[in-house]
Every structure is written in C-alpha cells, then in structure tokens.
Amino acid sequence: MTDSPEQKPAARGRVRRLLGRIIPPLRWWILPVCVLAGGAGGTAYGVLVTPRYAATSYVVAVPGKDSPPGAALGFAQAYGRIATSDSTIAYARVAAGIPARALRRQVSTETSPDSPMIAITGTAKRPSAAADIANAVADAVFVSSNQVAKSTGVRLLSFAQ
C-alpha cells in the first residue's frame, strides 16, 4: 500500500501539536524540580554527614634583645614546619588524649610570610576536642622552642588559644 501525500502532513501536524502541548509545561517545571532535588540533597547531606569543627591557636615569635627582627620571621617559618613533626606530636598527644597517628591527621599549621605568627588548627567531631588538639600542639611547639630560646635569640609567646 502506498501512502497518499495528504496523510503525511496530517500525521506531522498531530505530532507537532502534541509536542507543542507537552514541551512548554516541561520547560516551566524544570526549575522547580531542580530546586526540590537540590533541597532534598542538601537536607540529606546535613542529616547524614557528621559535623566537623575546627579550632585555631596562634603562637607568635618574638626576637630577643640582641636579635634582629627578621630572625623572628625566619624562626616562625621553621617552627611552623616542625609543629607536625614526630617529636612535637609525641609531646602533644598526651595533652590531647589521642594517639599520635590520629593527632597528625587532625592538625595543620599555617605561617605567614609577612608576620612571625603560627596558626595551628585542630579538627574534630566536637568543638571542645578541636580546641584541645589545637591547644596541645601549640603548647608543644611553645615548650620545645623556648627550650632553645637562649641559643636562637627568639622565643615564642602564646598569642591566642
């Protein structure tokens, strides 16, 4: 059987009208559906993921009487690098009350190239535990650096816990 040329335009016309009725509503429903999906995803993330808290302690390097001011900046950089070393972590783990391996994963340090300050950040599931970690590592850096303060000419001071 052969199709007559009159039947093809009629079939195409029906399809166009049908698509014309379906597609405009779909264009308007895409935004609300995406908003609802994003809200549901954000709510699920907030409910299911364990919160993490961070606390930061600051230690500042101060030059001694006979030391040049630039020495404090150099020693702050050095102490910032050794804040997560084995000896510092071993000393701090007792005060923090967690094993050394876990403590190393939960602490990070930052130093500024412009100021002799060291920021020590601890992270944990509870705010008080994060503060304990940051303070324990800051105290360990403070104690170890001040043991050699006479020979370096630079001492550390606790700026903020």
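Here are the numbers for this structure:
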{"quantity": "Answer from Y45, Y58 - the residue that is under 20 Å from V154 (Cα atoms) and of a type in the set (S, T, Y)", "calculated": "Y58"}
{"quantity": "Conditions (1) surrounded by 10 or more Cβ atoms within 10 Å (Cβ to Cβ); (2) modelled with pLDDT of 85 or more: number failed by V49", "calculated": "(1)"}
{"quantity": "Residue count for the range 111-161, restricted to those that are modelled with pLDDT of 85 or more and open to solvent by less than 10 Å² (accessible area, probe 1.4 Å)", "calculated": "12"}
{"quantity": "Selection within the range 116-148 - in contact with a strand residue (DSSP E or B) (Cβ under 8 Å, 6 or more places away or on another chain) and hydroxyl-bearing (S, T, Y)", "calculated": "T121, T123, S145"}
{"quantity": "Residues being over 26 Å from V49 (Cβ atoms) and aliphatic (A, V, I, L, M) - total across the range 114-135", "calculated": "2"}
{"quantity": "Filter result (open to solvent by 30 Å² or more (accessible area, probe 1.4 Å), within 27 Å of R101 (Cβ to Cβ) and among the hydrophobic types (A, V, I, L, M, F, W, C)) within the range 71-87", "calculated": "A78, I82"}
{"quantity": "Some residue of the range 99-110 being touching a strand residue (DSSP E or B) at 6+ places or on another chain (Cβ under 7 Å), among the hydrophobic types (A, V, I, L, M, F, W, C) and surrounded by fewer than 18 Cβ atoms within 10 Å (Cβ to Cβ)", "calculated": "no"}
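The values are calculated or read from the model by the stated rules, or taken from the named source; none is laboratory data. Predicted model only: the values in this text are computed from it and were never measured. A quick note on method: Cβ atoms are made from the backbone with ideal geometry, for glycine too, and the neighbour counts reach across all protein chains shown. These area figures cover heavy atoms from the full protein model, side chains too; ligands, DNA and RNA do not enter into them. Shrake-Rupley method; radii C 1.70, N 1.55, O 1.52, S 1.80 Å.
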